[in-house]
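Read through the structure below, which is laid out as structure tokens, and then see the notes.
Readers should treat all values here as calculations from the given coordinates under stated rules, not as data from a laboratory. Bear in mind the structure is a predicted one, so any value in this text is a computation, not a measurement. Note that we place each Cβ from the backbone using ideal geometry, even for glycine, and neighbour counts take in every protein chain shown.
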Amino acid sequence: MPEPQKRLVPALSAPNPQQRLQAGLDIGIRADRRDLDALVRRCAVEPDFFVRDMLTWALTRLPADETVPRLVAALDSSVPQELAQALHTLSKIGDRRGWQAQDPSRIGDRLIAHPDTEVARSAWRCAVALVPADDRDDLADVLVTQLGRGDVETQKSLSRAIVALGEDLVSVLDEKLLSEDDTVRAHAMATREMFADPDAGFAHALDAAKRVVALGSGTRA
């Protein structure tokens, strides 16, 4: 092992997060493909958000021909953080080969509907970043199955992902606007409002949609 690698790779596990952050920065600047596995392994266990972000940056500095297949392989993991970080890094690299990976590793229903919220949100962002134009409709159909999920921040993340696919896909929400589930219906209405006005605040749009749904439910009752 070369001397810089002997020094920097162990520093990724140092007890002090500032030391780990510096090690990630130094490895990124160095941009040596021999550090790839160490970076990916550390992503799976690193507890500090800022250090994880530095690890992602370091990975984007390495050749995509080697980094993308390694990250796609990480999508087979059962560790939520490893999945979320691999998806996040794939979205930052922006290489379409991350989308083309076949089951069980591809960015598809399994990850978009993952029970871990951070994994699911990372999958939504990654899928939208990498999806080829011809697959946008199919992706939109999968994303709308998650409407109504989670807290306001989670719902906003999903709405942004759906809107990012393009205004020509607004009709994908039509069926959900008729849902029997009030939460799903309100989320669909708020998302449709974001299509009409992307700069509108999501929380405000969701509150307005909830009031409309509540009035409608009262009328039905």
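Here are the numbers:
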| quantity | calculated |
| --- | --- |
| With 10 Å bins from 0: P(r) over the range 1-79, alpha-carbon pairs, percent | 19, 56, 24, 1 |
| Point-charge dipole on Cβ atoms (K/R +1, D/E -1) for the range 23-159, about Cα centre, debye to 20 | 280 debye |
| Anisotropy class of the range 137-221 from Cα gyration tensor, a/c 1.5 cut | prolate |
| More than 33 angstrom apart: percent of Cα pairs within the chain | 27 percent |
| Over the chain: helical MRE at 222 nm, DSSP H runs n ≥ 4 each giving -39500 (n - 2.57), nearest 500 | -20000 deg cm²/dmol |
| Two-site FRET efficiency, residue 53 against residue 183, from Cβ-Cβ distance with R₀ of 35 Å, rounded to 0.05 | 0.65 |
| Gain on full stretching of the segment that runs from residue 30 to residue 79 - 0.36 nm per residue minus C-alpha separation | 14.8 nm |
